[in-house]
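Note sheet for the following structure.
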Amino acid sequence: MATMASDPMQEWTPNSWQSRPITHQPGYPDPDALDEATTALAQLPPLVTSWEVESLKSQLAEAARGERFLLQGGDCAEQFNDCTPEALTNKLKILLQMSLVLVHGTRRRVIRVGRFAGQYAKPRSSMTEERDGMTLPSYFGDNVNAAAFDAASRHPNPQRLINGYERAALTLNFIRSLVGGGFADLHHPEFWNLGFVEHSPRASEYQAMVHRIGESVRFMESLTGISAGDLSRVDFYTSHEGLILPYEAAQTRRVPRRDGWYNLSTHYPWIGMRTANIDHAHIEFFRGIRNPLGVKIGPSIEPGALKSFVSELLDALHPDDEPGRLTIIHRYGAQQVADHLPALIDAVRATGKTVLFICDPMHGNTVKTEAGIKTRRFEDILGELEQSIDIHAANDSILGGVHFELTGDNVTECTGGARGLSDKDLGDSYQSLVDPRLNYEQSLEMAILVAQKIGGGTND
Ligand code: PEP
Ligand code: CO
């Protein structure tokens, strides 16, 4: 069935989404203030360049063919206050170490993409939140309002879009400097924090793997006489959920000597599960930009509706089957992935087009403890990933990457892992304002287990 959004003849402009139904937007009370902020944003320099965006797209095309593996990760919601050297260094460090583990296990080059430098806006299940008889707008992320529960903090303020852009620029500037030098030592497992390993029943397997990584780094260095950090240029790309369309549209522009429009607020935006409605504003906006795109798909699409949904989605976002253009991020949860994923793979196959499939094992596995704290269990996250790897293999398809909510800090938000964090440990250092993240040790352990699974290791 043809839809408005999938009609390639329909004229697209950076603002054509405005005539479509839209959800999960803050109700900005002052439209003039919003206009002023987006006009200012449109005049500021871009955060990324079109050639970086194109280079990422071609790497994603390789991942879709099974020649590379994508590691995407970072906070559920970045906070302006977390734009600190320590937090950013730790985030980069864990992503780099996980990627080295994955290179080793998958024998594929790894594309590193942060959920950072712009992951400041969140869809919420309700527009408002009530506490003790008082109702205020929900917290929509630092790009929109502040988390404290008082009227002034929760007021959606468009000036925050500029603050968010500036924080993203500071974040990117520091990441680019770190990547440009000074990070080389992290290629050596001698510098990793591996204290957790001894707490795992799989300690000897972990030690053996880390030892092998160290050996191959040293071997490469002695062979070439070049330090590992210099040898493999470390690229990091940025991504965030493209939620607040006035922000995304303001940073969308044409560039010299290329066709089309680029959203230069990030390399690789994704459309969240809640806003992936075919005839709605988000699909309309994202169909018109040249960036590679992710789309989250979860159990909210009934199996019976999946085939027509996927066909319309790909008509709208992936009409030319351009290599690297579209990533489907499936997030079904460990309990449901076996029921849904084969049908998703079939639905994509029926279009005759190629997408990159990656798994987000976080968002389908959120549970509440008895005390009402949101958490995720390490074994559910791992379970969804392991099942996804097997289901893709059994269906002649490829799981080309993983998408995590994680931090390089020592938080206590998810349970399980080698140290056996339990529900009662969650109070020790729970910092996320939205979803629970894997901490440094849990992330590294997860990477080891995924690498072993893909590499045909011994963790069965
Ligand atoms: C998220 O990635 O933080 C998120 C809200 O995910 P989803 O759209 O998959 O629910
Ligand atoms: Co989240």
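Considering only residues of segment 339-379 that are touching a helix residue (DSSP H, G or I) at 6+ places or on another chain (Cβ under 6 Å) and in a loop (DSSP other than H, G, I, E, B), which is most open to solvent (accessible area, probe 1.4 Å)? Looking at residues that are touching a helix residue (DSSP H, G or I) at 6+ places or on another chain (Cβ under 6 Å) and in a loop (DSSP other than H, G, I, E, B), I get T354. Between A276, A249, the distinction of being surrounded by fewer than 23 Cβ atoms within 10 Å (Cβ to Cβ) and either in contact (Cβ under 8 Å) with a residue 40 or more places away in the chain or within 16 Å of ligand 2 (Cβ to nearest atom) (or both) belongs to A276 only.
Among the numbered conditions (1) open to solvent by less than 80 Å² (accessible area, probe 1.4 Å); (2) under 29 Å from V450 (Cα atoms); (3) among the polar types (S, T, N, Q), the only one that N157 does not meet is (2). Consider segment 75-85 and keep the residues that are over 15 Å from V179 (Cα atoms) and more than 16 Å from ligand 1 (Cβ to nearest atom). The one that is most open to solvent (accessible area, probe 1.4 Å) is N81. Going residue by residue through segment 66-73, is there one that turns out to be open to solvent by less than 40 Å² (accessible area, probe 1.4 Å), in contact with a Leu (Cβ under 7 Å, 6 or more places away or on another chain), within 16 Å of ligand 2 (Cβ to nearest atom) and not polar (S, T, N, Q)? Checked segment 66-73: at least one residue is open to solvent by less than 40 Å² (accessible area, probe 1.4 Å), in contact with a Leu (Cβ under 7 Å, 6 or more places away or on another chain), within 16 Å of ligand 2 (Cβ to nearest atom) and not polar (S, T, N, Q). L385 meets each of the listed conditions (1) more than 17 Å from the chain's Cα centre (by Cα); (2) part of a helix (DSSP H, G or I); (3) more than 16 Å from ligand 2 (Cβ to nearest atom) apart from (1).
Specify the residue that is farthest from G420 (Cα to Cα); the eligible residues are those in segment 384-400 that are of a type in the set (G, A, S) and open to solvent by less than 20 Å² (accessible area, probe 1.4 Å). So that I can check it myself, show each step before the final result.
First, pick out the residues of segment 384-400 that are of a type in the set (G, A, S): 388, 393-394, 397, 400.
Still in the list and also open to solvent by less than 20 Å² (accessible area, probe 1.4 Å): 388, 400.
On the way: S388: 24, G400: 29 Å.
The residue in question is G400.
Taking the criterion of being under 19 Å from V402 (Cβ atoms), surrounded by fewer than 21 Cβ atoms within 10 Å (Cβ to Cβ) and in contact with a helix residue (DSSP H, G or I) (Cβ under 6 Å, 6 or more places away or on another chain), the only residue of segment 413-451 that qualifies is G416. Once segment 163-189 is narrowed to residues that are buried (at least 19 other Cβ atoms within 10 Å of the Cβ) and more than 22 Å from the chain's Cα centre (by Cα), the residue that is farthest from P45 (Cα to Cα) is P189.
Is there a residue being within 16 Å of ligand 2 (Cβ to nearest atom), surrounded by 23 or more Cβ atoms within 10 Å (Cβ to Cβ), acidic (D, E) and farther than 30 Å from P189 by Cα anywhere in segment 239-246? Yes - at least one qualifying residue is present in segment 239-246.
The values are calculated or read from the model by the stated rules, or taken from the named source; none is laboratory data. These numbers were taken from a predicted model, which means no experiment stands behind them. Positions of Cβ are backbone-derived with ideal geometry, glycine not excepted, and every protein chain shown enters the neighbour counts. The accessibility values were calculated without ligands, DNA or RNA, using every heavy atom of the protein model including side chains. Shrake-Rupley method; radii C 1.70, N 1.55, O 1.52, S 1.80 Å.
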